[in-house]
There are 2 protein chains.
Amino acid sequence: MKAVGIVVEYNPFHNGHLYHVNESKKITNADVVVAVMSGNFLQRGEPALVSKWHRTKMALYNGVDIVIELPYVYSTANAPIFAEGAIFLLDAMKCDVFAFGSEQGNIEPFLNTANLIEENFDEYNRLIKQFVSTGISYPKSLYLAYEQLQRMKNQPCIDLSQPNNILGYHYIAAAKKFNVSIQPATIQRVSAGYHDSINEKSNIASATGIRKAIFEHKNLEEIRSYVPETTFSELHKWQQQFSTFVHWETFWPLLKYGLLRNSPEQLTAFADVSEGIENALIKHAKQANSFSEFMSLIKSKRYTWTRLQRMLTHIFTGITKEELHQFQHPTYIRLLGMTSKGQAYLSERKKDFPLPLISRVAQVKDPMLAIDIRASEIYGLGLELYSKNKIDGDYKTPPIRM
Amino acid sequence: MKAVGIVVEYNPFHNGHLYHVNESKKITNADVVVAVMSGNFLQRGEPALVSKWHRTKMALYNGVDIVIELPYVYSTANAPIFAEGAIFLLDAMKCDVFAFGSEQGNIEPFLNTANLIEENFDEYNRLIKQFVSTGISYPKSLYLAYEQLQRMKNQPCIDLSQPNNILGYHYIAAAKKFNVSIQPATIQRVSAGYHDSINEKSNIASATGIRKAIFEHKNLEEIRSYVPETTFSELHKWQQQFSTFVHWETFWPLLKYGLLRNSPEQLTAFADVSEGIENALIKHAKQANSFSEFMSLIKSKRYTWTRLQRMLTHIFTGITKEELHQFQHPTYIRLLGMTSKGQAYLSERKKDFPLPLISRVAQVKDPMLAIDIRASEIYGLGLELYSKNKIDGDYKTPPIRM
């Protein structure tokens, strides 16, 4: 069986994701789709709308055959680290190829870019430093350095100002770093006004737009035409059970406690917390009555929204720098769910997996997994404050079978 | 003006306390009563029923002229440390004498005991170690060592199996340690069946009994005859405002989060957390749905109830061993409230105070005070989860004047 791997958050699964799953399978001629999916905390430093178990179901209903968890250590990290975790795991799953959506849509320019940066790594870093030293932001400096590098090469390269191209580049760079056998492929990303025929057929909206509509209108019908019916019904069930969807506002009372429980010095021990921000975090936590009020107080030019949210994610889950940065690569494959075809694939290939395949966490002692479990417990506890119904802890939940 | 100092928790202020205030003043012939009172977290490792501000009012209504705060570092500590903080502060307040209730009732045997232990300190410790090594508990070993020591001396000593005698002994020991000029005095403790005439007149019940009645019957009228009318009215106002009185159950959701937010290793960094208990704390926090359920799971012969509650207090407020044990003695006098007579005393004597007298905390940078403020904020936040009404933070609250 040929397997294609994809890297997903599914927050929530929508029609654009469905297109991505189907195209990934088609262009790679794969029999099986393996998704490495972030758990309850995501790359922009946010808790997921609904738990990883509900999002796993959405995936399995819509063409994904196996869902494994991208550990917290990677799911909440910046693009290079996020990509390393994802690609390492898809390779460990013995996928033949991984497919990602990009603005570019062709794989050659990605490979050219990766080679260009690899071959000129020192010069690239020197240029970045030079731009940063003139007061230009780090992301902008990266881009300017890359532009300068590009002039040295005649082959077509990708446009690194596009967010999905950036992520795609990091997948390729991660594949190079670990020298994996999995091969890359890319799919032109579907976005409004770009693939008109698809838009007309299937109603594409971004996950961000869908979440915004859910929280603003508090009426699921608003988003019904942008998601598969199975997503709609999973979201509906969640709403019945827990009364609220999860966003930072849901966790604000606990996060506030998490902020006030530390001395300023102790706050800087948490992952991604930059020195110099600790006093402001505590001061504004005392003043704010909601997460949005807190963010408006704390936001400054110095920190991007995502960077602040990542700090807050680690403060919330209590993950320290020391804990987060102790790993070289993923140490296990955590199975969240599978279809019968996925199960057949596992039976055929799992003997070749270089990492342990974990279905039940209770018996496993692994420091990376302990962080996932802690983050899950805290996500569940935050939800409990709003709802009489509880999420089953990671200890109790077996992989979903469909 | 002659001042008598007393050491109090007032959780809540009751008729026995009123007797203690009046007797302290009478037997010492004092003009002014200065109380050093624990803040929002108390010596048995519990949050106070109502905030320190409400308890300050109860004191000022009933004969106390000045209330200062016993810092968290001391108010949550074992008897020796608790006593050191209290006596150091009363001496810093230039009180002439401090008066404590005891089963003994005469001061001479206290002085004899303190001298006996001081003069035979090495032998005392050798005996304690010897008893502990045979498997006897530490408190019991202390007592047995003391009994053996006592046989060496002919003068009358106190009975160190009585809780208030123990605390009294530590006050005397603290006074010796700091070589203070404040003089000790003791009052026979009032308890049911002991001072019958007083019992008939004023209805004495312990603060523990009063709290139990409040939580079991949820009807304040039950305790009305055991407290001054002003206490009753303060409790009544609190209940109107916050709907709940504070005990550990109130804070359970936050405490649970505080427990789950750490790795086992990180938990051992908090003050009073003994190595070996960390995994059990996390495991049982996941299982328990209330504080009492948690305590019944965690309780073992190895740890006393008080010791467990002290650990949980520090885990709750996030105070580490390093933070708690950095101090040699109190570093400020925090004024919580005063009567006009108290104010006159301060005007007369404050120029001689060896520590800064703090009325407003906003401008003060002091590591011991920072801990008090943090503990207060967290107490207030825990209450907020239950009530729409907020307690004003320490930053906003000026001393109470009456």
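Can you pull out the residues in the range A:329-387 that are under 15 Å from A:A3 (Cβ atoms) and open to solvent by less than 30 Å² (accessible area, probe 1.4 Å)?
Scanning the range A:329-387 gives A:I333, A:L335, A:M338, A:T339, A:G342, A:Y345, A:L346, A:F353.
Would you pick out the residues in the range A:381-395 that are part of a loop (DSSP other than H, G, I, E, B) and under 24 Å from the mean Cα position of the chain (by Cα)?
Once the filter is applied, which keeps residues that are part of a loop (DSSP other than H, G, I, E, B) and under 24 Å from the mean Cα position of the chain (by Cα), the range A:381-395 yields A:I391, A:D392, A:G393, A:D394, A:Y395.
Please give the number of the condition A:R302 fails out of (1) outside any loop (DSSP other than H, G, I, E, B); (2) open to solvent by 20 Å² or more (accessible area, probe 1.4 Å).
(1)
From the set of residues in the range A:380-398 that are more than 10 Å from every other protein chain (Cβ to nearest Cβ) and of a type in the set (A, V, I, L, M), which is nearest to A:R360 (Cα to Cα)?
So the residue we want is A:I391.
Sort out which residues of the range A:220-272 are in contact with an Asp or Glu (Cβ under 6 Å, 6 or more places away or on another chain) and not hydrophobic (A, V, I, L, M, F, W, C), and write them in order of number.
A:P264, A:T268
Yes or no: A:S290 polar (S, T, N, Q), without any contact (Cβ under 8 Å) to a residue 12 or more places away in the chain and touching an Asp or Glu at 6+ places or on another chain (Cβ under 8 Å)?
No, not satisfied.
Scan A:A174, A:A145 and give me the residue that is in contact (Cβ under 8 Å) with a residue 60 or more places away in the chain and not aromatic (F, W, Y).
Only one candidate passes the filter, namely A:A174.
Being within 28 Å of A:W305 (Cα to Cα), more than 16 Å from the chain's Cα centre (by Cα), surrounded by fewer than 17 Cβ atoms within 10 Å (Cβ to Cβ) and not small (G, A, S) is the requirement here; does A:I128 meet it?
No, not satisfied.
Sort through A:V21, A:V64, A:V32, A:V36 and tell me the only one that's closer than 19 Å to A:D372 by Cα, of a type outside the set (S, T, Y) and in contact (Cβ under 8 Å) with a residue 40 or more places away in the chain.
Unique residue meeting the criteria: A:V36.
Identify, please: which residue in the range A:33-92 is part of a strand (DSSP E or B) and of a type in the set (G, A, S) and is, among those, nearest to A:F327 (Cα to Cα)?
A:S38
For B:H325, all conditions in the list (1) open to solvent by 10 Å² or more (accessible area, probe 1.4 Å); (2) more than 16 Å from B:I378 (Cα to Cα); (3) within 13 Å of chain A (Cβ to nearest Cβ) hold save one; what is the number of the exception?
(3)
For the range A:352-379, what are the residues that are in a helix (DSSP H, G or I) and away from chain B (no Cβ under 14 Å)?
A:D352
Under the condition of being assigned to a loop (DSSP other than H, G, I, E, B) and open to solvent by less than 10 Å² (accessible area, probe 1.4 Å), which residue from the range A:10-32 is nearest to A:V227 (Cα to Cα)?
A:F13
B:S38: under 16 Å from the mean Cα position of the chain (by Cα), among the polar types (S, T, N, Q) and either buried (at least 23 other Cβ atoms within 10 Å of the Cβ) or under 23 Å from B:V97 (Cα atoms) (or both), yes or no?
Answer is yes for this residue.
Can you tell me which residue within the range A:336-351, out of those that are in contact with an Asp or Glu (Cβ under 8 Å, 6 or more places away or on another chain) and not small (G, A, S), is nearest to the other protein chains (Cβ to nearest Cβ)?
Of everything passing the filter in the range A:336-351, A:L336 is nearest to the other protein chains (Cβ to nearest Cβ).
Identify the single condition in (1) out of contact with any Leu (no Cβ under 7 Å at 6 or more places or on another chain); (2) modelled with pLDDT of 95 or more that B:A362 does not satisfy, given that it satisfies every other one.
Evaluating B:A362 over (1) out of contact with any Leu (no Cβ under 7 Å at 6 or more places or on another chain); (2) modelled with pLDDT of 95 or more leaves (2) as the failure.
Which condition number in (1) at pLDDT below 85; (2) over 30 Å from A:V246 (Cα atoms) is the one that A:A192 fails?
The number of the failed condition is (2).
So in the range A:291-313, with the set limited to residues that are within 23 Å of B:L260 (Cβ to Cβ) and out of contact with any helix residue (DSSP H, G or I) (no Cβ under 7 Å at 6 or more places or on another chain), which one is nearest to the other protein chains (Cβ to nearest Cβ)?
Looking at the filtered set, the residue picked out is A:T313.
Can you tell me how many residues in the range A:83-99 are open to solvent by 10 Å² or more (accessible area, probe 1.4 Å) and either of a type in the set (F, W, Y) or under 30 Å from A:Q240 (Cβ atoms) (or both)?
Result for the range A:83-99: 1.
Is it the case that A:L312 is out of contact with any Ser or Thr (no Cβ under 6 Å at 6 or more places or on another chain), open to solvent by 40 Å² or more (accessible area, probe 1.4 Å) and modelled with pLDDT of 95 or more?
Criteria not met by A:L312.
Kindly list the number of the only condition in (1) within 30 Å of A:L89 (Cα to Cα); (2) in contact (Cβ under 8 Å) with a residue 60 or more places away in the chain that fails for A:G258.
All conditions pass for A:G258, except number (1).
Give the number of residues within the range B:204-231 that are outside any helix (DSSP H, G or I) and either exposed (fewer than 15 other Cβ atoms within 10 Å of the Cβ) or in contact with a strand residue (DSSP E or B) (Cβ under 7 Å, 6 or more places away or on another chain) (or both).
3
Just checking, how many residues over the range A:167-186 are open to solvent by 60 Å² or more (accessible area, probe 1.4 Å) and touching a helix residue (DSSP H, G or I) at 6+ places or on another chain (Cβ under 8 Å)?
Residues meeting the conditions: 3.
Hey, any hits in the range B:144-164 for a residue that's open to solvent by less than 10 Å² (accessible area, probe 1.4 Å), among the small types (G, A, S) and either more than 19 Å from B:A30 (Cβ to Cβ) or in a helix (DSSP H, G or I) (or both)?
Yes - at least one qualifying residue is present in the range B:144-164.
I'd like the residue in the range B:232-290 that is part of a loop (DSSP other than H, G, I, E, B), within 13 Å of chain A (Cβ to nearest Cβ) and closer than 19 Å to A:E323 by Cα and, out of all such residues, is most open to solvent (accessible area, probe 1.4 Å).
Among residues in the range B:232-290 that are part of a loop (DSSP other than H, G, I, E, B), within 13 Å of chain A (Cβ to nearest Cβ) and closer than 19 Å to A:E323 by Cα, the one most open to solvent (accessible area, probe 1.4 Å) is B:A269.
Search the range A:52-81 for residues being surrounded by fewer than 24 Cβ atoms within 10 Å (Cβ to Cβ) and out of contact with any strand residue (DSSP E or B) (no Cβ under 7 Å at 6 or more places or on another chain), and hand back the single one that is nearest to A:T313 (Cα to Cα).
Ranking the qualifying residues of the range A:52-81, first place goes to A:A77.
The values are calculated or read from the model by the stated rules, or taken from the named source; none is laboratory data. Keep in mind it's a predicted model, so treat the numbers as computed, not measured. Cβ atoms come from the backbone with ideal geometry, glycine included; neighbour counts cover every protein chain shown. Areas reflect the complete protein model, heavy atoms only, side chains present, ligands, DNA and RNA absent. Shrake-Rupley method; radii C 1.70, N 1.55, O 1.52, S 1.80 Å.
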